[in-house]
Each structure stands twice: as structure tokens, then as C-alpha cells.
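To start, the structure under review is shown below, and the notes come after it.
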Amino acid sequence: MPHGKRPAAILFDRDGTLVKDVPYNRRPELVAPVPGAREALDRLRRAGVRVGVVTNQSGVARGLIGARELAAVNARVEELLGPFDAWAVCPHDDADGCGCRKPAPGLVLRAARDLGADPRDCVVIGDIGRDVEAARAAGARGILVPTEVTLPEEVAAAPEVAPDLAAAVALALGPARGEAS
């Protein structure tokens with residue numbers, strides 16, 4: 001992304017990044033935003049930056065979550081955090097070998113296309129290495145927000161790391177690391 005250029009879109013991982021991670025969540029009442037998520041998203045919306053979600057949901061392929069349950073959980077995410085301009089969901093498992101499951105670039109490319117944006121003008125914010133790798137593979141900028149499940153080697157490999165979602169959004173709106181201010 002060229003210096004000083006505002007991102008066309010910021011794409012977020014869902015579980016562990018926007019909402020607390022409840023493995024294979026099928027119950028909308030268990031959706032709980034991470035601290036500061038609504039404020040960070042509202043800041044982007046006020047700034048005119050489009051927001052999207054890029055999320056692996058292997059529970060669908062494994063038969064642990066039905067399509068209606070997933071839709072209800074995603075609707076609850078929007079109810080709590082406001083509307084998203086794009087949703088890109090991978091319902092596959094690792095063994096399926098699809099091109100959309102992060103760390104593959106498919107979800108980022110799909111969300112960018114749905115938003116009419118060049119992936120190189122997008123930022124992906126997530127909590128694990130797969131999120132950053134998907135961004136890199138798609139040509140987007142990746143920012144890692146580590147949680148208790150983030151591996152130390154994922155933090156070390158991330159090009160940009162933020163301590164929380166608000167800081168990640170501030171970083172995304174500023175110049176990329178290595179660019180002049």
C-alpha cells in the first residue's frame with residue numbers, strides 16, 4: 001500500500017480477533033466481543049473505511065455447525081458490532097485442500113473482490129499466523145493481535161504486531177512499518 005494511502009478495506013478474522021473464541025460456536029448467545037471491538041470498528045466506519053470478516057469455520061465441514069447455526073452466530077456478531085460490508089467464510093477443513101481456508105489467500109481475495117478493492121489496498125487483522133499468512137499470500141498487509149493461543153513463532157514472523165484491536169486499527173490507518181511518516 002503506498003505511503004499515506006488509507007486502506008480501501010480492513011478485513012478481520014472473527015474468532016479471537018473480533019469476538020472471544022468459543023470453539024465451534026453454534027449458539028449466538030455465546031458471542032461476546034473482545035474489549036474495544038465495537039469502538040475500533042466504529043472508528044473505521046466513521047473514517048469511511050469498509051470493513052469485512054474473513055473466517056475459517058471448519059466446524060461446518062466436520063458436521064459440528066450447521067449452515068443456519070453459523071448464519072445465526074454471524075448475525076449476532078453484526079448485532080453486537082455493527083454491519084460489515086463483506087463476509088467471506090471458509091466452511092472447509094484442512095484436509096479439503098481448498099483455496100479459501102487461511103493461510104491460503106482465497107478469503108482475502110473474495111472479500112476484496114466483493115468490496116471492489118484491490119487486495120494490495122487491504123489490511124487483514126487477525127490473532128494467529130494463518131491470518132497474516134493469508135494476507136501476505138493475497139498481497140494484502142497483515143497485522144497480528146496476539147492472544148493466549150498465538151504461538152511465539154507466529155509473533156516473531158509477523159511483519160506488524162499490535163497489543164490490541166484499537167492499536168491494530170490505528171496502525172492500519174497509519175503508514176506501513178518501514179514507510180516514512
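Ignoring ligands, DNA and RNA, what percent of the 1.4 Å accessible area of segment 65-181 is carbon and sulfur? Here carbon and sulfur together make up 55 percent of the probe-accessible area. Once Rg and the Kirkwood radius are both taken over the C-alpha atoms of segment 83-155, their ratio Rg/Rh works out to 0.97.
Which shape class, rounded, prolate or oblate, goes with segment 62-108 when its Cα gyration tensor gives a ≥ b ≥ c as root eigenvalues, a/c under 1.5 marks rounded, and past that a/b bigger than b/c marks prolate? The shape class here is oblate. Each label was represented as a point 7 Å from its Cα along the Cα-to-Cβ direction; for D164 and D42 these points are 1.5 nm apart. Computed about the Cα centre, the dipole magnitude for the chain is approximately 500 debye when only Lys and Arg (+1) and Asp and Glu (-1) carry charge, each at its Cβ. For trypsin sites (Lys or Arg not before Pro), the sites in segment 1-72 that DSSP calls loop and that have at most 13 other Cβ atoms within 10 Å are K5, R62. Accessible surface for segment 1-120, divided over its residues, is 47 Å² per residue with a 1.4 Å probe. Between A61, A86, A40, which gets the highest mean-square fluctuation from a Gaussian network model of the chain, Cα cutoff 10 Å? Looking only at A61, A86, A40, the largest GNM fluctuation is found for A61. Per DSSP H run of at least 4 residues, take -39500 (n - 2.57); add these up for the chain, divide by its residues and hand me the 222 nm value, nearest 500 deg cm²/dmol. So the helix-based figure for the chain works out to -10000 deg cm²/dmol. Less than 5 angstrom separates the built amide H of H92 from those of Q57, all sequence-distant by 5 or more or on a different chain.
Close amide-amide hydrogen proximity is noted between V161 and L144, each under 5 Å apart and 5 or more residues distant or on a separate chain (H modeled in the peptide plane; Pro and chain starts excluded). Karplus-derived 3J(HN,Hα) values for segment 93-100, using 6.51 cos²θ - 1.76 cosθ + 1.60 with θ = phi - 60°, are 9, 3, 5, 6, x, 6, x, 9 Hz; glycine and proline are entered as x. By the beta carbon rule, with partners counted only under 4.7 Å, the chain holds these lone Cys residues: C98, C122. Here Rg/Rh (Cα atoms, Kirkwood Rh) was calculated from the structure, and among (i) 0.94; (ii) 1.06; (iii) 0.97 it sits at label (i).
With the convex hull drawn over the C-alpha atoms of segment 1-94, the volume per residue is 102 Å³.
Of the beta bridges in the chain, as assigned by DSSP with both residues counted there, near 5 percent are antiparallel. In segment 1-75, taking the dipole from charged Cβ atoms about the Cα centre, the farthest positive-side position among V54, A67, A9 is held by A9.
The stretch between K20 and D96 holds 24.7 nm of extra length on full extension. This uses 0.36 nm per residue minus the Cα-Cα distance.
Karplus-based coupling profile of segment 110-125, in residue order and whole Hz: 5, 4, 4, 4, 4, 8, x, 10, 6, x, 5, 9, 10, 10, 10, 10, with θ = phi - 60° in 6.51 cos²θ - 1.76 cosθ + 1.60 and x standing for Gly or Pro. Label zone (V149, point 7 Å along Cα-to-C-beta; backbone nitrogen cut-off 17 Å) within segment 33-49: 33-35.
The values are calculated or read from the model by the stated rules, or taken from the named source; none is laboratory data. Nothing here was measured: the structure is a model prediction, and the numbers come from that model. Positions of Cβ are generated from backbone atoms using ideal geometry, with glycine treated the same way; all protein chains shown enter the neighbour counts. Areas reflect the complete protein model, heavy atoms only, side chains present, ligands, DNA and RNA absent. Shrake-Rupley method; radii C 1.70, N 1.55, O 1.52, S 1.80 Å.
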